[in-house]
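The values are calculated or read from the model by the stated rules, or taken from the named source; none is laboratory data. It should be emphasised that the depicted structure is a prediction, and the values quoted were computed from it without experimental measurement. Please note: Cβ atoms are built from the backbone with ideal geometry, for glycine as well, and neighbour counts cover all protein chains shown. All accessible areas refer to the heavy atoms of the entire protein, side chains included, with ligands and DNA or RNA removed. Shrake-Rupley method; radii C 1.70, N 1.55, O 1.52, S 1.80 Å.
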Amino acid sequence: MHKTARQKYVLDLIIEQGQASITELAEKLQVSADTIRRDLTDLEKQGLAQKNHGGAIALDLSGMNRQSRNTLLPETKQRLGRAVAQRVPTGSTLFLDAGSTVMAVATFLQGPLKAITTSLDIAQHFSDRDDIELILLGGQWDQKQRLFAGSATLSLLSRYRADIAILGACAIHAQLGLSASKEADADVKRAMLAASHEHWIVADHMKLNHCEPWLVAGVSEIHQLFIDRPWAELGDTGALQVTVCAE
């Protein structure tokens with residue numbers, strides 16, 4: 001198997017399982033452990049994977065730039081995006097978080113709608129749409145995450161209210177809730193939730209059962225959760241409505 005194809009297989013396996021060991025990868029690919037180590041070194045240099053304790057390898061989601069994240073699970077994100085967009089009532093005012101999964105939601109939205117976003121990519125997507133009233137929340141530009149954040153962004157956001165906040169997830173845990181890898185991003189997410197009537201979260205399975213340093217909200221504060229596979233650890237969902245967008 002060619003090096004590029006082998007590394008793609010490694011990434012696909014990690015995406016599916018969450019992590020993999022060097023021994024497991026070597027056995028599945030019928031190559032030496034040294035070959036796998038070289039592949040993993042290449043993937044680490046690209047910012048795609050990281051070594052964990054015991055030789056396990058996992059995706060480095062928090063360290064990835066937005067472009068790298070966009071290449072992961074494209075079909076899953078499209079499926080999630082379509083499912084969320086279909087639930088949005090016509091005429092709604094929306095807060096739209098930044099991120100590739102929320103971008104997928106944006107591609108399927110039908111107006112008339114008002115969209116308030118910190119994402120330059122979503123704003124560009126809507127810029128020629130006559131049926132979308134667009135408000136871009138400026139502020140300090142984060143090139144890596146492709147979003148605006150900071151005190152100026154929060155000040156602008158405080159002027160608005162929305163029917164629904166649609167947020168992506170850096171990580172979501174059944175007990176520890178929704179969290180973000182950057183403090184400024186968590187601040188914006190919390191402000192969107194505080195200024196909206198309904199709280200919708202859309203997340204693929206790579207974000208489940210993980211936690212990042214900055215708390216956004218507890219699971220009890222979420223009204224609708226859209227995921228791509230059943231989440232056994234969630235347990236009793238109470239008032240939370242969970243939509244599983246399986247293949």
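When you scan the range 174-194, do you find a residue that is open to solvent by less than 70 Å² (accessible area, probe 1.4 Å), modelled with pLDDT of 95 or more and in contact with a His (Cβ under 8 Å, 6 or more places away or on another chain), even just one?
Among the residues of the range 174-194, at least one is open to solvent by less than 70 Å² (accessible area, probe 1.4 Å), modelled with pLDDT of 95 or more and in contact with a His (Cβ under 8 Å, 6 or more places away or on another chain), which makes the answer yes.
Restricting attention to the range 218-247, report how many residues are outside any loop (DSSP other than H, G, I, E, B) and either out of contact with any Gly (no Cβ under 8 Å at 6 or more places or on another chain) or not small (Gly, Ala, Ser) (or both).
Total meeting the criteria: 13.
Can you tell me how many residues within the range 74-94 are within 19 Å of the chain's Cα centre (by Cα), more than 13 Å from residue 202 (Cβ to Cβ) and open to solvent by less than 20 Å² (accessible area, probe 1.4 Å)?
Counting residues in the range 74-94 that are within 19 Å of the chain's Cα centre (by Cα), more than 13 Å from residue 202 (Cβ to Cβ) and open to solvent by less than 20 Å² (accessible area, probe 1.4 Å) gives 0.
Of all residues in the range 205-227 being closer than 23 Å to residue 164 by Cα and at pLDDT below 90, which is surrounded by the fewest Cβ atoms within 10 Å (Cβ to Cβ)?
Looking only at the range 205-227, we keep the residues that are closer than 23 Å to residue 164 by Cα, and these are 205, 207-208, 214-227.
If we keep only those that are at pLDDT below 90 too, we end up with 205, 207-208.
On the way: 205: 16, 207: 21, 208: 20.
Per the stated criteria, the residue is 205.
Inside the range 105-144, can you point out the residues that are open to solvent by less than 60 Å² (accessible area, probe 1.4 Å) and among the small types (Gly, Ala, Ser)?
Hits for the range 105-144 are 106, 111, 115, 119, 123, 138, 139.
Touching a strand residue (DSSP E or B) at 6+ places or on another chain (Cβ under 8 Å) and under 21 Å from residue 106 (Cα atoms): does that describe residue 208? Before the answer, list the steps.
Working: touching a strand residue (DSSP E or B) at 6+ places or on another chain (Cβ under 8 Å): yes; under 21 Å from residue 106 (Cα atoms): no.
Judged against the criteria, residue 208 is not a match.
Please identify the pairs in which a residue from the range 24-38 that is polar (S, T, N, Q) has its Cβ atom under 7 Å from the Cβ atom of a residue that is open to solvent by less than 90 Å² (accessible area, probe 1.4 Å), counting only partners at least 6 apart or on another chain.
32/26
Hey, among 41, 101, which residue is modelled with pLDDT under 95, among the β-branched types (Val, Ile, Thr) and either assigned to a loop (DSSP other than H, G, I, E, B) or surrounded by 15 or more Cβ atoms within 10 Å (Cβ to Cβ) (or both)? Please lay out each step first, then the result.
Numbers: 41 fails: either assigned to a loop (DSSP other than H, G, I, E, B) or surrounded by 15 or more Cβ atoms within 10 Å (Cβ to Cβ) (or both).
One residue alone meets the criteria, 101.
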